[in-house]
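Since the structure comes first, as structure tokens, the remarks are kept for the end.
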Amino acid sequence: MELETAYKTPKTLLNKGTGFLNGYSHTLNPYTGCSYACSYCYVRQMPVSLFRAQEWGQWVDVKLEAAPLLRKELKRAKAKGPVTIFMSSSTDPYQPIEATACVTRGLLEVMVEEPPDFLLVQTRSPLVRRDIELLKALKDRVRVSMTVETDRDDIRKHFTPSAPPIQARIKTLELLKEAGVPAQAAIAPVLPSSEAFPELLRPLVNRVCIDDYYMGDGSGGKRTQKLPIKPLYDKLGLEDWYHPSAYERVYKRFSEVFPASQLWVSQKGFEP
């Protein structure tokens, strides 16, 4: 199905960090909607999705004039105190349309000129590698959090068929490391993975965040329960992975390869 794209001029870009992201002064979303359409995305159960006629993943609103607006808001916010930004909380800043729309790139260019105290870029897209030079310019004020929910691409195809292949994300982490850009692997949410997963990530990152539906959807797993996720686990014969304790299995595997100081769980792992 063709993506329905709308172009809108927002009145504001920076929103107050609340709830799961209350460790940040602000959140920033370059787009509304996300064409990756991950089956388990908690945003499906939020007003931004529920009040749209189209299915989540079938539409994206591109924010026009975002860069000049951010420049104004950033100066205003910095005058009031420390500014820490989570980009993005309800969309992927590097979803496919960013390749041509370049909204995220424009925002990064502004932040290089007017650096926030800290910026976390949350994505699952290899397109972030396009902006490595801008990210390098932010030095230790930035961290790229690359979602790698599993090391098994067959699992990825069941849960997030429109998202980038796992191997492309692994390669992106490799390139970020080579460039000296601070990065972490976000196993969020935990999907079924192999015992070799920790060894795959060990050479690439010194920070891993492990999260699941129960801790990470902002409602103790209730938003996720409203989605047809459990039947998918049942169909695949992976029922034991859809459980509040499933993340512990993954944490234990990683703790055998990574020191405790490099392993984070849920909210703490996404904070500045």
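Only the coordinates and a few stated rules stand behind these numbers; no lab work does. Everything numeric in this text was worked out from a predicted model, so none of it was measured. All Cβ positions, even for glycine, are placed from backbone atoms using ideal geometry, and neighbour counts span all protein chains on display.
Summary table
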read-out: Candidate set: the stretch 98-133, residues that are of a type outside the set (Ser, Thr, Tyr) and part of a strand (DSSP E or B); chosen: the one farthest from residue 38 (Cα to Cα); value: 118
read-out: Contacts under 9 angstrom Cβ, first residue in the stretch 1-15 being under 20 Å from residue 108 (Cβ atoms) and touching a residue at least 60 places away in the same chain (Cβ under 8 Å), partner surrounded by 10 or more Cβ atoms within 10 Å (Cβ to Cβ) and among the basic types (Lys, Arg), 6 or more apart; value: 13/63; 14/76
read-out: Any pair with Cβ under 6 angstrom, 6 or more apart, that starts in the stretch 59-72 at a residue that is under 19 Å from residue 96 (Cα atoms) and ends at one that is aromatic (Phe, Trp, Tyr) and surrounded by 13 or more Cβ atoms within 10 Å (Cβ to Cβ); value: 60/31
read-out: Boolean, residue 107 is more than 19 Å from the chain's Cα centre (by Cα) and of a type in the set (A, V, I, L, M, F, W, C); value: no
read-out: Pick from the stretch 250-269, criterion more than 19 Å from the chain's Cα centre (by Cα) and of a type in the set (Ser, Thr, Tyr), ranking: surrounded by the most Cβ atoms within 10 Å (Cβ to Cβ); value: 251
read-out: Number of positions in the stretch 134-153 that are without any contact (Cβ under 8 Å) to a residue 40 or more places away in the chain and not basic (Lys, Arg); value: 4
read-out: Tabulated pairs, the stretch 154-180, first touching a residue at least 24 places away in the same chain (Cβ under 8 Å) and more than 16 Å from residue 34 (Cβ to Cβ), second among the small types (Gly, Ala, Ser) and in a helix (DSSP H, G or I), C-beta under 7 angstrom, 6+ apart or interchain; value: none
read-out: Residue that is farthest from residue 233 (Cα to Cα), among those in the stretch 30-55 that are of a type in the set (D, E, K, R) and assigned to a loop (DSSP other than H, G, I, E, B); value: 52
read-out: Filtered residues of the stretch 163-205 (kept if loosely packed, with under 14 Cβ neighbours inside 10 Å and in a loop (DSSP other than H, G, I, E, B)); value: 165, 180, 194, 195, 196, 203
read-out: Residue count for the stretch 206-227, restricted to those that are in contact (Cβ under 8 Å) with a residue 40 or more places away in the chain and either among the aliphatic types (A, V, I, L, M) or assigned to a loop (DSSP other than H, G, I, E, B) (or both); value: 12
read-out: Any hit, the stretch 97-107, residues being closer than 30 Å to residue 197 by Cβ, in contact (Cβ under 8 Å) with a residue 12 or more places away in the chain and out of contact with any strand residue (DSSP E or B) (no Cβ under 8 Å at 6 or more places or on another chain); value: yes
read-out: Restricting the stretch 228-249 to residues that are of a type outside the set (Phe, Trp, Tyr) and part of a loop (DSSP other than H, G, I, E, B), the residue that is surrounded by the most Cβ atoms within 10 Å (Cβ to Cβ); value: 229
